[in-house]
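Asker: After the structure tokens below, expect a handful of questions from me.
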Amino acid sequence: MKTITRLIMTTLLVSSFLVAGQAVAGEYAKQKVVYHINYDNPKQQAGALRNIQNHINAVGADNLDLKVVLHGNGLALLLEPESLGKLKKFKHANATEQMTAKVTDLKGQGVSFHVCANTVRGRKVDVESDLYDVSKDDIVPSGVAEVAKLQAEGYSYIKP
């Protein structure tokens, strides 16, 4: 009798954990979020990409419209290391193999990266050769204005 009682209690306990896990996974409604990156520290940028992945893991890629806006020193996230020598206004070029693999993975999960045209122009960045996986469609007129526009459209602002 003790064995049956123990078995029933264990089954109930496991079932409650499964139900609780489902509640947590379904806890979040659809979200619109803008991550703002304007710093060039490679550890901070790697941390920001980790935050973004954790955000996706918690909410689910299908429930998340996530955009990353890069301007000023933030372009270092996508700056190819070979371009650093010719672009004197950057201290870091963080588009290493590890970083670009994370960016590619995030893009595959629906994350879009928006790059500031003012920074591109002001720092004489060649989008095609200096930046990792950036197309003309990824360029926005102003990084700061893009953040404000997205917030006005209901995007939550995060600066990791």
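The values are calculated or read from the model by the stated rules, or taken from the named source; none is laboratory data. If you're wondering where the values come from, they're calculated on a predicted model, not measured in any experiment. Virtual Cβ from ideal backbone geometry, glycine too; neighbours counted across all protein chains shown.
Asker: Could you grab me the full set of residues in the stretch 70-85 that are at negative phi, in contact (Cβ under 8 Å) with a residue 40 or more places away in the chain and either part of a helix (DSSP H, G or I) or loosely packed, with under 14 Cβ neighbours inside 10 Å (or both)? Break it down into steps so the answer makes sense when it comes.
Answerer: Looking only at the stretch 70-85, we keep the residues that are at negative phi, and these are 70-71, 73-85.
Okay, now just the ones that are also in contact (Cβ under 8 Å) with a residue 40 or more places away in the chain, so 70-71, 74-75, 77-80, 83.
Answer for the stretch 70-85, where residues must be at negative phi, in contact (Cβ under 8 Å) with a residue 40 or more places away in the chain and either part of a helix (DSSP H, G or I) or loosely packed, with under 14 Cβ neighbours inside 10 Å (or both): G74, L75, L77, S83.
Asker: Please work out which residue is nearest to P141 (Cα to Cα), limiting yourself to the stretch 64-102 and to residues that are among the charged types (D, E, K, R) and within 16 Å of the chain's Cα centre (by Cα). Step through it out loud before you land on a result.
Answerer: The first filter runs over the stretch 64-102 and keeps only residues among the charged types (D, E, K, R), leaving 65, 67, 80, 82, 86, 88-89, 91, 97, 102.
This time we only want the ones that are within 16 Å of the chain's Cα centre (by Cα), so: 65, 67, 102.
Numbers: D65: 21, K67: 15, K102: 25 Å.
Among those that are among the charged types (D, E, K, R) and within 16 Å of the chain's Cα centre (by Cα), it is K67.
Asker: When you scan the stretch 127-146, how many residues do you find that are surrounded by 12 or more Cβ atoms within 10 Å (Cβ to Cβ) and either basic (K, R) or part of a helix (DSSP H, G or I) (or both)?
Answerer: We begin by selecting, within the stretch 127-146, every residue surrounded by 12 or more Cβ atoms within 10 Å (Cβ to Cβ); these are 127, 130-134, 138-140, 142-146.
Okay, now just the ones that are also either basic (K, R) or part of a helix (DSSP H, G or I) (or both), so 127, 130, 138, 143-146.
Looking only at that region, the number is 7.
Asker: Conditions first: (1) over 22 Å from Y28 (Cβ atoms); (2) under 13 Å from the mean Cα position of the chain (by Cα). I139 passes all but one, so which condition is the exception?
Answerer: Of the numbered conditions (1) over 22 Å from Y28 (Cβ atoms); (2) under 13 Å from the mean Cα position of the chain (by Cα), the odd one out for I139 is (2).
Asker: Go through the stretch 91-107 and give me each residue that's free of Cβ contacts under 8 Å to residues at least 40 places away in the same chain and either surrounded by 19 or more Cβ atoms within 10 Å (Cβ to Cβ) or touching a Lys or Arg at 6+ places or on another chain (Cβ under 7 Å) (or both).
Answerer: Matches in the stretch 91-107: A93, A95.
Asker: Could you tell me how many of the residues in the stretch 15-70 are at pLDDT below 95 and in contact with a strand residue (DSSP E or B) (Cβ under 8 Å, 6 or more places away or on another chain)?
Answerer: Total satisfying the criteria: 0.
Asker: Further question: Given K124, K88, K149, K67, which one is outside any helix (DSSP H, G or I), free of Cβ contacts under 8 Å to residues at least 24 places away in the same chain and of a type in the set (D, E, K, R)? Explain how you work it out, then say what you get.
Answerer: On the way: K124 fails: free of Cβ contacts under 8 Å to residues at least 24 places away in the same chain; K149 fails: outside any helix (DSSP H, G or I); K67 fails: free of Cβ contacts under 8 Å to residues at least 24 places away in the same chain.
Going through K124, K88, K149, K67 in turn, just one is outside any helix (DSSP H, G or I), free of Cβ contacts under 8 Å to residues at least 24 places away in the same chain and of a type in the set (D, E, K, R): K88.
Asker: For G154, only one of the following conditions fails: (1) under 16 Å from N38 (Cβ atoms); (2) touching a residue at least 60 places away in the same chain (Cβ under 8 Å). What is its number?
Answerer: Only one criterion is unmet by G154, namely (1).
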